[in-house]
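Below is one structure; the comments refer to it alone.
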Amino acid sequence: MANKKGKIVFKVLLLLFAILLIASYINYRMIKIDNSQSKYFHDALIELVATDVYFDMCDVTPFDWDKMYVINPYTSQKEMHKIVGIKWTTADSYFGYITEKYFLGEYQLSDDIIHKLVFVKHGKVVCDVDLMRDKVDFTQNEDVITLEGTSFVIDKTNKRNPIVKRR
């Protein structure tokens, strides 16, 4: 009798674990974004900042967007989602998502030298790119930039890190 109860409890626990795993996987699939443009955009932006003195962000982005969020260093994942108003992940796999969520922690921008740009189109994240502030620094801009103000000037007076400000 006790053996039968033990098997039932085990099966119920196994079923609960499976349900939680499936729910977590469904959540991952719902918030996963296609961040394939990120590398191209990153490289184009770094090259542009190194050679020019001003630019229009719409000319650099190979994707459509209506809002750009500047995420400052030391911002937690939870705070990023609150600022943007959307939950998303750039993890390429479910295993990567679980690792990012539970093992790498909330603070992906855990250094003063790293900040992030998040581009949104119609309430969906279309690009998420991490930038090193010694290559390009957007942190002196407001948190949200819309298509009405996409012209930037590059301040290179501090040779160590070019500061990008709205014109």
Pairs returned, first residue in region 141-167 that is free of Cβ contacts under 8 Å to residues at least 12 places away in the same chain, second residue that is aliphatic (A, V, I, L, M), beta-carbon separation under 6 angstrom, 6 or more apart or interchain, are ASP155/ILE163
Only one of these conditions is not met by ALA44: (1) surrounded by 14 or more Cβ atoms within 10 Å (Cβ to Cβ); (2) at pLDDT below 95; (3) part of a helix (DSSP H, G or I); (4) of a type in the set (Gly, Ala, Ser). Which number is it? (2)
Just give me the residues in region 130-167 being surrounded by 19 or more Cβ atoms within 10 Å (Cβ to Cβ) and in contact with a helix residue (DSSP H, G or I) (Cβ under 6 Å, 6 or more places away or on another chain), in sequence order. VAL136, PRO162
For region 32-39, check the following and say yes or no: at least one residue is in a helix (DSSP H, G or I) and exposed (fewer than 10 other Cβ atoms within 10 Å of the Cβ). no
Would you confirm whether or not region 78-89 contains a residue that is exposed (fewer than 15 other Cβ atoms within 10 Å of the Cβ), of a type in the set (A, V, I, L, M) and in contact with a strand residue (DSSP E or B) (Cβ under 8 Å, 6 or more places away or on another chain)? no
Scan THR157, THR89 and give me the residue that is at pLDDT 90 or above, out of contact with any Gly (no Cβ under 7 Å at 6 or more places or on another chain) and among the β-branched types (Val, Ile, Thr). THR89
If SER36 meets every condition in (1) in contact with a Leu (Cβ under 8 Å, 6 or more places away or on another chain); (2) among the hydroxyl-bearing types (Ser, Thr, Tyr); (3) over 26 Å from ASN161 (Cα atoms) apart from one, which number is that one? (1)
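Between MET68, MET57, which is in contact with a Leu (Cβ under 7 Å, 6 or more places away or on another chain) and either under 22 Å from ILE145 (Cβ atoms) or at pLDDT below 95 (or both)?
Exactly one of MET68, MET57 is in contact with a Leu (Cβ under 7 Å, 6 or more places away or on another chain) and either under 22 Å from ILE145 (Cβ atoms) or at pLDDT below 95 (or both), namely MET68.
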Of the conditions (1) under 19 Å from ILE163 (Cβ atoms); (2) of a type in the set (Ser, Thr, Tyr); (3) in contact with a Cys (Cβ under 9 Å, 6 or more places away or on another chain), TYR74 fails just one. Which one is it? (3)
Considering residues of region 90-116 that are of a type in the set (S, T, N, Q) and either under 25 Å from LEU21 (Cα atoms) or within 12 Å of the chain's Cα centre (by Cα) (or both) only, the residue surrounded by the fewest Cβ atoms within 10 Å (Cβ to Cβ): SER93
Pull out all pairs, ordered by first then second residue, where Cβ-Cβ is under 6 Å, the residues are six or more apart or on different chains, the first lies in region 46-69 and is closer than 14 Å to LEU117 by Cβ, and the second is loosely packed, with under 12 Cβ neighbours inside 10 Å. LYS67/THR146
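The values are calculated or read from the model by the stated rules, or taken from the named source; none is laboratory data. Model, not experiment: these values are computed from the prediction. Cβ: placed from backbone, ideal geometry, glycine included. Neighbour counts: every protein chain shown.
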